[in-house]
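A.B. asks: I am attaching a structure below and will ask some questions about it afterwards.
The values are calculated or read from the model by the stated rules, or taken from the named source; none is laboratory data. Since the model is a prediction, treat every value here as computed from it, not as a measurement. Cβ atoms come from the backbone with ideal geometry, glycine included; neighbour counts cover every protein chain shown.
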Amino acid sequence: MSESKSVNTIARERVDNLASQNGEPEWLKELRVSSWEAYLQTPMPTGRDEDWRKTQIESLDLSNLNAIDLSTKSDVKAKLPQWFETALTFFDNHSGVVAEVGQASVPAKLPAELVAKGVIFCTLKEALRDHAELIRPYLSLIDSDQKFVLMNKALFNGGTFLYVPANVEVEGPFVSLTHFTSSNGSPNGVAIFPRLIAVLGNHSKASLVNILSSEAGKENKTTLRSLANALVEVHVAPGAKFEYLEVQRFDSNVFAITRTHNQVEQDASVKSLTVALGGSQVKGDIVTVLNAHGATSDLQGIVLGDTDEHYSFNTIQKHNAPDTTSNINFRVALKSNAQSIYQGIIEVAKIAQKTAAFQSNKNLLLGSEARADSIPKLEILADDVKCSHGATVGPVDREQIFYLQSRGLSAPEAEELIVTGFFRQILEACTIGRAKEWVYDVLAEKIHGV
Amino acid sequence: MSAEFSKVASKADVPEGHVKVYTVEKKRIAVCNVAGKFFAVADLCTHDGGPLGEGELVENTIECPRHGARFDVATGAVVCMPAVIPIATYPCEERGDDLWVAV
Amino acid sequence: MSAELIQDQSIGNIGNDYSQYGFQDKEDYIFKSGRGLTEEIVRKISSMKNEPEWMLKYRLRALSIFLKKPMPKWGNCGLLDSIDFENIFYFVRSSERSEKNWDDVPEGIKQTFDRLGIPEAERKFLAGVTAQYESEVVYHSIREDLLAQGVIFLDMDTALREHEDIIRKHFGTVIPAADNKFSALNSAVWSGGSFVWVPEGIRVEIPLQAYFRINAENMGQFERTLIIAEPGSYVHYIEGCTAPTYSTDSLHSAVVELIAKPGSHIRYTTIQNWSKNVYNLVTKRAVAHADSKVEWVDGNLGSKLTMKYPAIHLVGERAHGEVLSIAFAGEDQHQDAGAKMVHAAPNTTSMIVSKSISKNGGRTSYRGLVKVHPNCPGSKSNVKCDALLLDEKSRSDTYPTMEIDEKDVTIEHEATVSKVGEEQLFYLMSRGLTQDEATAMIINGFFEPFTKELPLEYAVELNRLIQLEMSGSVG
């Protein structure tokens, strides 16, 4: 398979095949087809589109990608990446782990008491097989006009489902891994389309760790970019509380396009942290819709970029109801020639009086060719509001480095201290298990180029 | 380090007062014919990345089609804003009927 | 501004009183072009002004660029697309020549400027005045002492005749015709505006002023201003703008180019109070060389739609740029204003302060850019935007962009949007102020960083305008 071979991963034929090979019900096939049709109607974004500025969308060749059928083989003994085994030691109180490693998947073993309470945590495939009627409405609840979201909705072939019934509170985090090999010995890239749906019932409470990662295969001949197109949809019902940690560790073959949509209802809250640690081009949208009175969201972000990596995160805070609160704190540190474009918008609808919305974006430039753009926007149509944003771009304080080196630290050690210090405030706010300790470790690995 | 010249076109391909864009060593180069003399410059406006090669030659300058920034084709210097940073220029030689550019 | 001063002034007027500016004069013109934009009109403008051939060529090329360029796809597209270019009068000559004495200005026009208080202001505190009525300047003067020092302050038409070489060298080098659709339009049909040249080392301590008046309905005013400050010089230029209130729209589309040579200092102040039927679509850009300083002080009170983003390109080491702007949007108004700072040399610094208020369904937008090119270490920029919303019908947007291609920089941006603090209002009203008075006072305080940069007479005038805008608007 060393010759570049034309494949039709992103094609109507594939949509039909997925529906039949998975034995999907007719209504699901219809959903896929209508998403596919909307996908065809939607123009491909270009670097001239504001949302995609400076993302090298042209470097993505959609015509020659081989799709990986995630989790087609359930295998409790599937080999997990070593680092993931290590990560799990930080989540020793977890409530269940779903791991998709290429075509293999390790099903979650939920504690009996959670099963008894009606909690579901499984691969999306299992959910569609075993809980079709339960999951059905959530597959089409959140509309989108985004080209790549529509692509995922037509072609999703893996992912995770979390369902926490009303009034159930779950202490330990759920952990989901989607891991794939970004090259398969051919010059073609590969493509994955995981979709994660989390449903928190009224007054429930849970936390979820979602890890998206890839590695280059032994025979890394890929000349075309591989595509990871991930969709995360979170429904937080009235009074529920959800905490979410997403860690992205893609390798340099991967063009990652991720979209997280948080739908937050009355008096419900979502607290999330996104950590982006790799990929060649990473385009991430995080949308939070505060849909009813008393809804709150607190979103944190960490980007640590290195050589030839490009990150473009776009956060959207939509206040659609009165008395809603949102906060965003997004920090970006860039080594070498890494590049980041952060765009954030706070939209306050006319009826959303008594809104409080805050947004902060700080960029730390470590590499001499690092580039950071920041575009924080406000669109305010209600008057009784408190909204603010702030953004900074700057280098490491030379005095700080000098001081640390005078204390006998090597330059990389000093850098690690400064970068972790820069991210500390965000990490300390993460209260999922010992997640922050693990994230400190993976940040250090990245800083030292491990 | 002296750059390698490569043949990009024949002189007849770039008539007087015209610009043609060629890819040399993965770089897009705009070859300009100003009154019979040939110049090679980067096909990238330093203002916001506009395609200079699609612009017009105005005397000894090339004008970006997007916002009208102008650069001296011989030196790359900014002659008219909104650009403020010079563009790259490349040695361009006539060898017989052909044009050779060093990138 | 003190409470006494506010209370001294009557705020009996209910609603937006534009009566001091909104009056109309009878149309009595030497020449008025037909409606619409054609090559013939462009040729006519050039020949009536006896322009050199190169300027006619420049205009004609600009016209073809204008016709080819699409409308901007951002900002208030709905309003932009509603501009009817075929319904506009592109050139109106109201007087045979520019006069140096107010007594020689045609009586009707002189009365207009008397009502606007211009001759009085000149006597009191200005070093030079240009008054433009429709397309051309009707009055022009400069103090003798400045003239003796070699300062040039002329209307642009005269300047092109008398200083062709220097104009030809600099005209359109900061803002080319192709910059955007409206700079192309201006480049094709420009008329009037000011030319200022300050010789090396000369400091013009008293402001120069230009006053722009549109009178005719569906008029297009396209003045063109070029200011060159030679090394070590200083100049402060002020412009004011008004127009009558008509039921159909007029267009004001100026191009203003500033060139600050090493060590010079240019301050450019605008108080724009166009009537609410004027589209104000203006391109303003400065280039700042080493150790120079450029300031745009920009007040936007009037117009239907303003789109204006004064820019400073800092191309020499240690150059400094500042934009201080306020915007006030009432009913049927959209103030889309902002600033651009381009850092293209080491150790350049910039500051942007933007304050805006929306009421009665008005919309304000801040749109800005801070760009730092590679190899510009030591660049620093600070941006602060504050918006007040006075009622639930109004809207405020903030669209800043920071593009930072250099590591060793300090870039800061902050913005807030809020309503007038109830506690502040309550406190002031408990001291005996009416709600209108209290609101006006809070707003004066909010705009203070701007007003304190204005010459006193302007600050008083601005506060009065705000008070009129505010009266009867709250509660």
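A.B. asks: Is it true that some residue in region C:359-372 is among the aromatic types (Phe, Trp, Tyr), more than 8 Å from chain A (Cβ to nearest Cβ) and either under 21 Å from the mean Cα position of the chain (by Cα) or closer than 27 Å to residue C:310 by Cβ (or both)?
C.D. replies: yes
A.B. asks: Now for a separate question. Having 1 or more residues that are within 25 Å of residue A:431 (Cβ to Cβ) and within 21 Å of the chain's Cα centre (by Cα) is the bar; report the helices (runs of 4 or more DSSP H) wholly within region A:76-145 that clear it.
C.D. replies: In region A:76-145, the matching helices (runs of 4 or more DSSP H) lie at A:82-89.
A.B. asks: Okay, next question. In region C:180-215, which residue that is among the β-branched types (Val, Ile, Thr) and farther than 22 Å from residue B:79 by Cα is nearest to the other protein chains (Cβ to nearest Cβ)?
C.D. replies: Here the residue is C:189.
A.B. asks: More than 26 Å from residue C:403 (Cα to Cα), outside any loop (DSSP other than H, G, I, E, B), under 9 Å from the mean Cα position of the chain (by Cα) and free of Cβ contacts under 8 Å to residues at least 60 places away in the same chain - does that describe any residue in region B:36-57?
C.D. replies: Yes, that holds for at least one residue.
A.B. asks: Right, another one. Going through A:419, A:439 one at a time, which residue ends up being buried (at least 21 other Cβ atoms within 10 Å of the Cβ), touching a Phe, Trp or Tyr at 6+ places or on another chain (Cβ under 9 Å) and over 28 Å from residue C:353 (Cα atoms)?
C.D. replies: Of A:419, A:439, the one residue that is buried (at least 21 other Cβ atoms within 10 Å of the Cβ), touching a Phe, Trp or Tyr at 6+ places or on another chain (Cβ under 9 Å) and over 28 Å from residue C:353 (Cα atoms) is A:439.
A.B. asks: Looking only at region C:384-425, count how many residues are over 25 Å from residue A:350 (Cα atoms) and either in contact with a helix residue (DSSP H, G or I) (Cβ under 7 Å, 6 or more places away or on another chain) or more than 7 Å from chain A (Cβ to nearest Cβ) (or both).
C.D. replies: Qualifying residue count for the region: 1.
A.B. asks: If you don't mind, another one. Considering only residues of region C:396-406 that are surrounded by fewer than 23 Cβ atoms within 10 Å (Cβ to Cβ) and among the charged types (D, E, K, R), which is farthest from the chain's Cα centre (by Cα)?
C.D. replies: This residue is C:405.
A.B. asks: Identify all residues within region C:111-154 that are among the small types (Gly, Ala, Ser) and either farther than 20 Å from residue C:236 by Cα or not in a strand (DSSP E or B) (or both); write none if there are none.
C.D. replies: C:117, C:121, C:127, C:135, C:148, C:150
A.B. asks: I'm checking my understanding of the structure. Among residues of region C:186-201 that are modelled with pLDDT of 95 or more and polar (S, T, N, Q), which one is surrounded by the most Cβ atoms within 10 Å (Cβ to Cβ)?
C.D. replies: C:186
A.B. asks: Return the residue satisfying two criteria in turn: it lies in region C:38-95 and is in contact with a Ser or Thr (Cβ under 9 Å, 6 or more places away or on another chain) and of a type in the set (S, T, N, Q), and of such residues it is farthest from residue C:368 (Cα to Cα).
C.D. replies: So the residue we want is C:94.
A.B. asks: Answer yes or no: is there a residue in region C:172-179 that is modelled with pLDDT of 95 or more, touching a Phe, Trp or Tyr at 6+ places or on another chain (Cβ under 8 Å), within 14 Å of chain B (Cβ to nearest Cβ) and in a loop (DSSP other than H, G, I, E, B).
C.D. replies: Yes, that holds for at least one residue.
A.B. asks: Only residues that are part of a helix (DSSP H, G or I), over 23 Å from residue A:357 (Cα atoms), more than 32 Å from the chain's Cα centre (by Cα) and not aliphatic (A, V, I, L, M): list them for region C:416-450, please.
C.D. replies: C:426, C:427, C:430
A.B. asks: How many residues are under 21 Å from the mean Cα position of the chain (by Cα) and assigned to a loop (DSSP other than H, G, I, E, B) if we restrict to region A:13-61?
C.D. replies: Looking only at that region, the number is 6.
A.B. asks: Taking region C:263-314 as the search range and keeping residues that are part of a strand (DSSP E or B) and of a type in the set (Gly, Ala, Ser), which one is nearest to the other protein chains (Cβ to nearest Cβ)?
C.D. replies: It comes out as C:311.
A.B. asks: Is it fair to say residue C:235 is in contact with a helix residue (DSSP H, G or I) (Cβ under 6 Å, 6 or more places away or on another chain), of a type in the set (A, V, I, L, M, F, W, C) and at pLDDT 95 or above?
C.D. replies: When the stated conditions are applied, residue C:235 does not pass them.
A.B. asks: Still on this structure: Look through C:157, C:165 and report the one residue that is farther than 21 Å from residue C:261 by Cβ, away from every other protein chain (no Cβ under 14 Å) and either free of Cβ contacts under 8 Å to residues at least 12 places away in the same chain or in a helix (DSSP H, G or I) (or both).
C.D. replies: Only one candidate passes the filter, namely C:157.
A.B. asks: Could you pull out every one of the strands (runs of 3 or more DSSP E) wholly within region A:219-284 that has 3 or more residues that are among the polar types (S, T, N, Q) and touching a helix residue (DSSP H, G or I) at 6+ places or on another chain (Cβ under 8 Å)?
C.D. replies: none
A.B. asks: Scan region C:257-279 residue by residue and report those that are under 29 Å from residue B:79 (Cα atoms), free of Cβ contacts under 8 Å to residues at least 40 places away in the same chain and within 17 Å of the chain's Cα centre (by Cα).
C.D. replies: Of everything in region C:257-279, those that are under 29 Å from residue B:79 (Cα atoms), free of Cβ contacts under 8 Å to residues at least 40 places away in the same chain and within 17 Å of the chain's Cα centre (by Cα) turn out to be C:266, C:267, C:270.
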